[in-house]
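The values are calculated or read from the model by the stated rules, or taken from the named source; none is laboratory data. As the structure is a prediction and not an experimental result, all values here were calculated from the model. Glycine also receives a Cβ, built like all others from the backbone with ideal geometry; neighbour counts cover every protein chain displayed.
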Amino acid sequence: MTSMLARTLLAGALALTVACSRGRPETSINPDAPITLTVDNQAFADMTIYVLESSRKVRLGLANGNSTTKFVLPKYLARTLTTLRFLADPIGGNRSPVSEEITVSPGDEITLRIPPA
């Protein structure tokens, strides 16, 4: 049976929705399962997306404006429960909103929603 856990976090103009699509106990985490990030960029500007973990800043790629882009997080970022934040840096802009911290584990599916400016 599939269960959904949804939580909305706001940070400035950036909204982050976390959804886990698996109903599994924490003891059965497969460290090789990918963590996927879907960026729903509703803003006009293209955004460079980064994941922030501890003092590390890892570039995931470009999320074009008014489109949806999918990324797979590098496995070294989360082999167990890990706390992450996401940064959306607009191309040619001056605001770089950062999400609040979220806890993720291998196999999670995350949706990052960037509202129109």
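Things worth noting here:
- Filtered residue count, region 105-117, keeping only those that are within 18 Å of ARG59 (Cα to Cα) and either aliphatic (A, V, I, L, M) or in contact with a Lys or Arg (Cβ under 7 Å, 6 or more places away or on another chain) (or both): 3
- Considering region 101-117, and only residues there that are more than 10 Å from the chain's Cα centre (by Cα) and of a type in the set (Val, Ile, Thr), the residue that is farthest from PRO90 (Cα to Cα) turns out to be THR103.
- Checked against the criterion of being at pLDDT below 85 and surrounded by 14 or more Cβ atoms within 10 Å (Cβ to Cβ), region 80-94 contains one or more residues that satisfy it.
- For region 33-47, a residue qualifies if it is closer than 15 Å to THR82 by Cβ and within 8 Å of the chain's Cα centre (by Cα), and the qualifying residues are THR36, LEU37.
- Wholly within region 1-62, strands (runs of 3 or more DSSP E) carrying at least 2 residues that are of a type in the set (S, T, N, Q) and either surrounded by fewer than 17 Cβ atoms within 10 Å (Cβ to Cβ) or at pLDDT 90 or above (or both): 36-41
- Any chance THR111 is in contact with a Ser or Thr (Cβ under 8 Å, 6 or more places away or on another chain), among the hydroxyl-bearing types (Ser, Thr, Tyr), closer than 18 Å to PRO31 by Cβ and assigned to a strand (DSSP E or B): no
- Residue match in region 84-97 (condition: of a type in the set (Val, Ile, Thr) and under 13 Å from the mean Cα position of the chain (by Cα)): no
- The residues of region 66-102 that are small (Gly, Ala, Ser), in a strand (DSSP E or B) and touching a residue at least 40 places away in the same chain (Cβ under 8 Å) amount to a single one, ALA88.
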